[in-house]
Amino acid sequence: MNRLGEFVGETVTTCGLVVEQRTHHQITGEPMKFLSLADWTGIVETELFAQTYKSYGLATVRYPVLEIEARVEHFDNGRGFTLRVLRAGKPRRSREHARAVKTR
């Protein structure tokens with residue numbers, strides 16, 4: 001999380017523990033969700049706008065740790081950033097972890 005600011009304007013894939021979540025309604029009345037995701041380096045705010053929330057909202061309550069694909073965007077005041085979530089789901093296992101499980 002502490003390196004995400006290096007990727008403003010880019011799409012990233014990251015993983016984190018859901019430590020806070022809030023539902024809200026867009027100006028159109030459609031539901032959306034804000035999530036705070038954490039790893040051992042920090043916490044980042046994310047937002048799932050209506051269409052993304054409709055597609056991936058269930059994953060945000062199903063999995064305590066989420067893998068997200070998101071666009072890193074500056075706050076309007078330029079003091080920080082947020083992640084605009086494009087996809088959310090169950091974290092993938094790393095190849096190293098999968099190999100370790102297979103060899104046991």
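What follows draws every value from the coordinates through simple rules; no lab data is involved. All of these numbers come straight from a predicted model, not from anything done at the bench. Every residue, glycine as well, gets a Cβ built from its backbone with ideal geometry; the counts of neighbours run over all protein chains shown.
Scalar couplings 3J(HN,Hα) for segment 40-51, obtained by applying the Karplus form with A = 6.51, B = -1.76, C = 1.60 to θ = phi - 60°, are 5, 9, x, 10, 9, 8, 10, 9, 10, 6, 3, 5 Hz; x denotes Gly and Pro.
What's the long-distance tail for segment 11-76, i.e. % of Cα pairs beyond 17 Å? Spell out each step's value before the answer.
Details: 843 of 2145 pairs.
Above the 17 Å cut-off, segment 11-76 has 39 percent of its Cα pairs.
Placing +1 on the Cβ of every Lys and Arg and -1 on the Cβ of every Asp and Glu, with no other charges, gives segment 4-103 a dipole of roughly 600 debye about its Cα centre.
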